[in-house]
1. Could you give the radius of gyration (one decimal) and Dmax (whole number) of the Cα atoms in the chain, in Å?
2. Could you calculate the FRET efficiency of VAL397 with THR188 from 1/(1 + (r/R0)^6), where r is the beta carbon distance between them and R0 is 35 Å, rounded to 0.05?
3. Would you mind calculating the relative contact order of the chain from Cα pairs under 8 angstrom and at least 6 residues apart, reporting the percent as a whole number?
4. Going by alpha carbons, how many degrees (0 to 90, nearest 10) lie between the helix axis of 17-35 and the longest principal axis of the chain?
5. Quote the FRET efficiency, to the nearest 0.05, computed for ASN350 versus ARG378 with a Förster distance R0 of 30 Å and r equal to the Cβ-Cβ distance.
6. Nearest 500 deg cm²/dmol is fine: what mean residue ellipticity at 222 nm does the chain get from its DSSP H runs of n ≥ 4 alone, each adding -39,500 (n - 2.57), divided by its residue count?
7. If you place +1 on the Cβ of every Lys and Arg, -1 on the Cβ of every Asp and Glu, and leave all else neutral, what size is the dipole of the chain about its Cα centre, to the nearest 20 Debye?
8. Give me the distance in nm between label points sitting 7 Å out from Cα along the Cα-to-Cβ direction at VAL480 and ARG452, one decimal.
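Just so you know, all these numbers are worked out from the coordinates, no wet-lab data involved. Computed from a prediction, not measured in an experiment: that's the story for all the values here. Every residue, glycine among them, receives a Cβ derived from its backbone with ideal geometry; neighbour counts consider all protein chains shown.
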Amino acid sequence: MIINEFLAALLSILSSPEALMMALFAVTLGVILGALPGISSTMAIAVLLPVTFGMETQLAILFLLGVFISSVYGGSISAILINIPGTPAAMVTQLDGYPMCKAGLGGQALKYALYASTVGGVIGIVLLIVISPWMAKAAGSMRSPEFAAIAALGLVMLAFASGKSPLRGVLVGLLGLMCGMIGFDTVTDVERFTYNSVTMQGGVDIVTMMLGIFGLSEVMKNLAGASNPIHGKPGMGNAKLPIWRVLARWKAAIRGSLVGALIGCVPAIGSSIAVSVAYAQEARLSKDKDSFGKGNPDGVVAPEAANSSSIGGSLIPMMTLGIPGDTVTAVLMGALLMHGLRPGPMLFTNNPEFFASVYAALLIGVVATLIVGLLLARWIVKIMGLPPRILLTGIAVLCVVGSFAIRNSISDVFIMVFFGVIGYILHLLRLPAAPLAFGLILGPILEENLRRSLLISRGSWSVFIERPLSLGILTVTLLVLLLPMLSALCRRWSNSMRRTA
């Protein structure tokens, strides 16, 4: 059934010149922004999100997913050519990509990355198509206690994965929860935290917050010199790569794709861990271990395949459970909410054609990235020579215009600037900013289902332990919270045993 709808959605896009031009435009923008150091995939999508305000939902999703997929590949361009990853997940690609570039094989390294990214993207889409219906069906049997427990688990895991200090991540997540409570209470219709402001009665808009913490704050960090400037003029060198040499790397591409897709399914793990695991696995399995870090093509293929395939994996919890898998899917979730769609099992049941359009948009994005990467790579490399401050100033203007366009209110611009400053302050304090957005998204889900569960049980908290699935999820949440303490105790015990011996 879903395959038929997928093919219908794919045919609809292919038969529409407007949709195809939109996909190519989005992919070109994504590759350029991803290739520029300091501009992550999250930042690229956040600042371009307001562009989709007037679009139909299908075109908006096609545009945003195109930017997402292509920016992931774009990050490898600067990682390979100038040894500065354009996106955080590209940090592993530079280990072997930059040595290839210094050896005059930068163009070949870019092609290895592009082909591996294509393979990984396709495998990630296949996994998404296979797993999503099953997970949505399983989630359809859940009730309010289970969704409250899942929201709590998602907040804890995402907070833990956003920084070295779990406690700091949790505290920032709680601040996001408070932001989600601003406005009218959904049950009692009483104003909360509005301070008699008409603007705040509608609550904090998720897009406004994301433009601030993922857009404007990043601009502030870059303008303040928080990111490394571009050194030297990038050069591609030899770009001729016979197809048989590409096919000879199929094992690394498949292994990396599977690792990325499976790790991407787990909320909060993210692509950075996926590419690290894929690279480490390839180095361990290679017959020429000493060549890794010195220009081995497998060291480019495996992490890039994992990086791209993790996209499909990260969309699974977001679309089926309503829990963003990472910061990028959190922004995408904000886009869906803006277009009147709330991800979760009910969306799959009531609107399966939307899922089919997402699958089709992902495939179109992967193919378009391959085309743009092959045809425009040299031009994109020249754009990398633009002064970063000019580009960042343009992004700041987009943040201001985008926040104003949400409700045509200058107050939203001030709110965006406020969260931009908050994001920059969190950076200075070495606190993760991502849990702030996760708290705003998951907070209302947690509150709504928590209060509904207590109303049904007449105020009894036992409802959360009487249901086996809810109890299991809460047990996992407790273990995650106690994990740092248990790890510290294990290390102390191990050290004391060694001293005793």
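1. Both quantities, over Cα of the chain: 22.7, 74 Å.
2. Efficiency at R0 = 35 Å is approximately 0.30.
3. Reported relative contact order: 28 percent.
4. Between helix and principal axis, roughly 80 degrees.
5. Using R0 = 30 Å, I get an efficiency of 0.05.
6. Per the formula, -24000 deg cm²/dmol.
7. So the magnitude is around 1740 debye.
8. Going by the 7 Å Cα→Cβ label model, 2.1 nm.
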